[in-house]
Amino acid sequence: MGRQTTSALIAFGSNLGNRQDFINQALAMIHQRVGKISAISGIYETLPMGAADQSFLNGAAVIETMLEAEACLSELLGIEKDLGRERTVKWGNRTIDLDILLWNQHSPATIDSAMLSIPHPHMLERDFVLFPANDIAAHWLHPISGNSLSWHKTRLRSDFAETAKMLVLPDHFPDYAVPDAAVPAAFLPASHSDHPAP
């Protein structure tokens, strides 16, 4: 009998260079090296946190993978490295950031190893993670609280809805599903473009 696939919820973000291009490249590499992307959230521009000093583009995706969790993380870290991620400052600027939030939709797993912690220990306190995740995984259960992500979202004190800007998803990336809730109103204004002015 063939090996079963596992669904994983991951978060992605970028705040250096052409952020959208780094995200597009990361999603394509995930599709090639980790597993099929079955859903992707809206992409949001959010304020920097920690040592970062430039705005982020953030989103979330559901992947279907045949890898074990730690092997999946290794591939994500490899993708970060291939796209120029440098880990010099904690919570600093980065070309791409990829995190596993939850593992196995139908039987939510908890993993605590030297390499990996699932569920992601900070996911419930970060609006830039929880809001995109709710676009595509609102019904997923947090394995420690036992509550859905939508339940946690309603209890997170946040001005995310007022401060974050939702972007149109790239229309050239194949094999993703966009929920109705993730259809944005407009692109960023030209003044916020990742491309420098001529």
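For (1) modelled with pLDDT of 90 or more; (2) within 18 Å of the chain's Cα centre (by Cα); (3) buried (at least 16 other Cβ atoms within 10 Å of the Cβ); (4) assigned to a loop (DSSP other than H, G, I, E, B), each residue gets a yes or a no:
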residue: His120; (1), (2), (3), (4): yes, yes, yes, yes
residue: Pro143; (1), (2), (3), (4): yes, no, yes, yes
residue: Arg157; (1), (2), (3), (4): no, no, no, yes
residue: Glu162; (1), (2), (3), (4): no, no, no, no
residue: Ala186; (1), (2), (3), (4): no, no, no, yes
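Pick out the one residue from Ala8, Ala28, Ala39, Ala71 that is without any contact (Cβ under 8 Å) to a residue 12 or more places away in the chain and of a type in the set (A, V, I, L, M, F, W, C).
Working: Ala8 fails: without any contact (Cβ under 8 Å) to a residue 12 or more places away in the chain; Ala28 fails: without any contact (Cβ under 8 Å) to a residue 12 or more places away in the chain; Ala39 fails: without any contact (Cβ under 8 Å) to a residue 12 or more places away in the chain.
Being without any contact (Cβ under 8 Å) to a residue 12 or more places away in the chain and of a type in the set (A, V, I, L, M, F, W, C) holds for just one of Ala8, Ala28, Ala39, Ala71, which is Ala71.
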> Looking at this structure, is Gln54 modelled with pLDDT of 85 or more and either buried (at least 22 other Cβ atoms within 10 Å of the Cβ) or of a type in the set (S, T, N, Q) (or both)?
Replying inline: no
> So which pairs qualify, if the first residue must be in the range 109-126 and more than 18 Å from Ala138 (Cα to Cα), the second must be assigned to a strand (DSSP E or B) and of a type in the set (Gly, Ala, Ser), the Cβ gap must be under 7 Å, and the two must be at least 6 apart or on different chains?
Replying inline: Ile111/Ser117
> Considering the range 78-99 alone, what residues qualify as being among the hydrophobic types (A, V, I, L, M, F, W, C), out of contact with any Asp or Glu (no Cβ under 6 Å at 6 or more places or on another chain) and modelled with pLDDT under 95?
Replying inline: Leu83, Val89, Trp91
> Which residue out of Ile79, Ile63, Ile100 is in a helix (DSSP H, G or I) and either in contact with a helix residue (DSSP H, G or I) (Cβ under 8 Å, 6 or more places away or on another chain) or closer than 18 Å to Leu16 by Cβ (or both)?
Replying inline: Ile79
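The values are calculated or read from the model by the stated rules, or taken from the named source; none is laboratory data. Just so it is clear, the model here is predicted, and its values are computed rather than measured. So basically every Cβ, Gly included, is an ideal-geometry build from the backbone, and we count neighbours across all protein chains shown.
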